[in-house]
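Novice: Quick one: the structure is below, and I'll ask about it shortly.
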Amino acid sequence: IIKDYLSMSLRSKDKKLLIVQVITISRAIAALAFISIAFVPRLTFVALGLYVYACLSDLLDGFLARRLSSATQTGGVLDLFGDKYLTIIALLYAAVKGVPMLPCAIAILREVFLLSVRSIVVNGQRIFPPQRTLGTLTIIPIWTGTGVLLLYPSVWVFDWRIVSVFYWAIGLFALLNLLFKLYRNWHRLIQSFEE
């Protein structure tokens with residue numbers, strides 16, 4: 001299907017944009033496929049492959065969008081959707097696997113809240129502009145933790161208390177991250193209610 005799309009008589013810029021969009025959308029599809037087979041023991045490595053692809057596609061689509069000069073507002077929204085969807089899937093997987101529910105719920109709260117308020121614009125600016133560093137510091141441990149959990153206990157065996165502490169740290173960091181964003185942008189949020 002992708003080959004047929006690319007062979008169409010599209011302009012060069014449209015082809016580049018299509019490539020980036022296909023990679024972005026494939027992240028959500030890979031995340032859905034991952035969660036569909038993640039609990040089937042004989043498919044652990046297939047699930048891991050899908051999961052790793054989904055995580056790496058986040059790096060790839062952003063890199064290609066910048067490199068091919070095909071970044072668009074719609075592409076950015078699709079990328080944000082793919083990122084948040086993958087992160088929520090990873091947190092749900094962790095919760096079902098036995099990680100304490102509260103830190104997972106706090107991290108999901110952060111993801112859904114930020115996804116929602118990023119669509120609000122005041123005076124031509126987003127209320128909560130993306131902050132790559134803080135976002136990365138929140139997301140990478142979640143994605144890594146899910147990869148490790150996927151390999152437990154078939155490949156790695158470890159003290160489950162370490163996992164609980166790790167996810168409580170993720171939940172606490174996600175909460176502090178969200179509170180920091182609220183503190184820094186509170187005036188914009190209040191201003192958006194007044195308009």
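The values are calculated or read from the model by the stated rules, or taken from the named source; none is laboratory data. Since the model is a prediction, treat every value here as computed from it, not as a measurement. Reconstructed Cβ throughout: ideal geometry from the backbone, glycine too, with neighbour counts over all protein chains shown. The protein model used for the area step is the full one, side chains on, heavy atoms only, and it has no ligands, DNA or RNA in it. Shrake-Rupley method; radii C 1.70, N 1.55, O 1.52, S 1.80 Å.
Novice: Consider the range 18-46. How many of its residues are closer than 19 Å to ALA94 by Cβ and under 17 Å from the mean Cα position of the chain (by Cα)?
Specialist: Qualifying residue count for the region: 8.
Novice: Restricting attention to the range 178-195, and to residues there that are more than 9 Å from ILE127 (Cβ to Cβ) and surrounded by 15 or more Cβ atoms within 10 Å (Cβ to Cβ), which single residue is modelled with the highest pLDDT?
Specialist: Looking only at the range 178-195, we keep the residues that are more than 9 Å from ILE127 (Cβ to Cβ), and these are 178-184, 186-187, 190, 193-195.
Within this subset, residues satisfying the condition of being surrounded by 15 or more Cβ atoms within 10 Å (Cβ to Cβ) are 178, 181.
Working: LEU178: 92, LYS181: 87.
Filtering the range 178-195 for residues that are more than 9 Å from ILE127 (Cβ to Cβ) and surrounded by 15 or more Cβ atoms within 10 Å (Cβ to Cβ), the one modelled with the highest pLDDT comes out as LEU178.
Novice: In the range 138-159, which residues are open to solvent by 30 Å² or more (accessible area, probe 1.4 Å) and modelled with pLDDT under 90? Don't jump to the end; show me each part of the working.
Specialist: From the range 138-159, those open to solvent by 30 Å² or more (accessible area, probe 1.4 Å) are 140-141, 144, 148, 152-159; that's our starting set.
TYR152, PRO153, SER154, VAL155, TRP156, VAL157, PHE158, ASP159, listed by residue number.
Novice: Would the range 160-174 turn up any residue that is over 30 Å from ILE37 (Cβ atoms) and either in contact with a Pro (Cβ under 8 Å, 6 or more places away or on another chain) or open to solvent by 40 Å² or more (accessible area, probe 1.4 Å) (or both)? Don't jump to the end; show me each part of the working.
Specialist: Within the range 160-174, the first condition is being over 30 Å from ILE37 (Cβ atoms), and the residues that meet it are 172.
When the remaining residues are screened for being either in contact with a Pro (Cβ under 8 Å, 6 or more places away or on another chain) or open to solvent by 40 Å² or more (accessible area, probe 1.4 Å) (or both), the result is 172.
Within the range 160-174, one or more residues are over 30 Å from ILE37 (Cβ atoms) and either in contact with a Pro (Cβ under 8 Å, 6 or more places away or on another chain) or open to solvent by 40 Å² or more (accessible area, probe 1.4 Å) (or both).
Novice: Hey, another quick one. State which residue is surrounded by the fewest Cβ atoms within 10 Å (Cβ to Cβ) when the search covers only the range 87-132 and only residues that are aromatic (Phe, Trp, Tyr) and closer than 19 Å to LEU178 by Cβ. Lay out the reasoning, then the answer.
Specialist: Initially, the range 87-132 is screened for residues aromatic (Phe, Trp, Tyr), giving 93, 113, 128.
Okay, now just the ones that are also closer than 19 Å to LEU178 by Cβ, so 113, 128.
Working: PHE113: 14, PHE128: 20.
Among them, the one singled out is PHE113.
Novice: Which one is farthest from ASP79 (Cα to Cα), of the residues in the range 15-59 that are β-branched (Val, Ile, Thr) and in contact (Cβ under 8 Å) with a residue 40 or more places away in the chain? Quick ask: steps written out before the conclusion?
Specialist: Taking the range 15-59 and keeping what is β-branched (Val, Ile, Thr), we get 19-20, 22-25, 29, 35, 37, 40, 44, 46, 52.
Remaining after also requiring in contact (Cβ under 8 Å) with a residue 40 or more places away in the chain: 19-20, 23-25, 35, 44, 52.
Details: ILE19: 13, VAL20: 9, ILE23: 9, THR24: 6, ILE25: 8, ILE35: 19, THR44: 26, VAL52: 16 Å.
Restricting to residues being β-branched (Val, Ile, Thr) and in contact (Cβ under 8 Å) with a residue 40 or more places away in the chain, the top hit is THR44.
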